[in-house]
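The values are calculated or read from the model by the stated rules, or taken from the named source; none is laboratory data. Everything numeric in this text was worked out from a predicted model, so none of it was measured. Virtual Cβ from ideal backbone geometry, glycine too; neighbours counted across all protein chains shown. Areas reflect the complete protein model, heavy atoms only, side chains present, ligands, DNA and RNA absent. Shrake-Rupley method; radii C 1.70, N 1.55, O 1.52, S 1.80 Å.
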Amino acid sequence: EKTMQENIFHFAIGQEVTIDSSGESGTVIGRAEYINSTNSYFVRYKASDGRATEAWWQQDALSAR
């Protein structure tokens, strides 16, 4: 079971983040908390091919800009 400390969100709604694996950057537009996994963030960003996109990312896949 998670402790209260583990449930703290690392990124705020509206915060700019970078997707570590691709270097693409975007804005956190949603977030989800789970009892059995890490928090997730819904990020709106411009993909490397120029498309506007939105996707869920695990907390450990993102970095603050």
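Determine the share of the chain's accessible area contributed by carbon and sulfur atoms, expressed in whole percent, with a 1.4 angstrom probe.
Percent of accessible area from carbon and sulfur atoms in the chain: 50.
Run the Debye formula on the Cα coordinates of the chain, all scatterers equal and no solvent, and tell me log10 I(q)/I(0) at q = 0.18, 0.22 1/Å.
Calculated log10 I(q)/I(0) at the listed q: -0.60, -0.85.
Determine the sum of side-chain charges near Tyr41: Lys and Arg each +1, Asp and Glu each -1, restricted to other residues whose C-beta is under 14 angstrom from that of Tyr41.
Local charge sum for Tyr41: -3.
In the neighborhood of Trp57, defined by Cβ-to-Cβ distances under 12 Å, what is the net charge if each Lys or Arg adds +1 and each Asp or Glu adds -1?
Within the 12 Å Cβ shell, the charges total -2.
Skip the ligands, DNA and RNA, and give the accessible area per residue of the chain with a 1.4 Å probe, whole Å².
Result: 66 Å² of accessible area for each residue.
State, to one decimal in nm, how far the label point of Ser63 lies from the label point of Ile13, with both points 7 Å from Cα in the Cβ direction.
2.7
Using 7 Å Cα-to-Cβ label points, what is the Phe42/Ile29 separation (nm, one decimal)?
Label at Phe42, label at Ile29, 0.8 nm between them.
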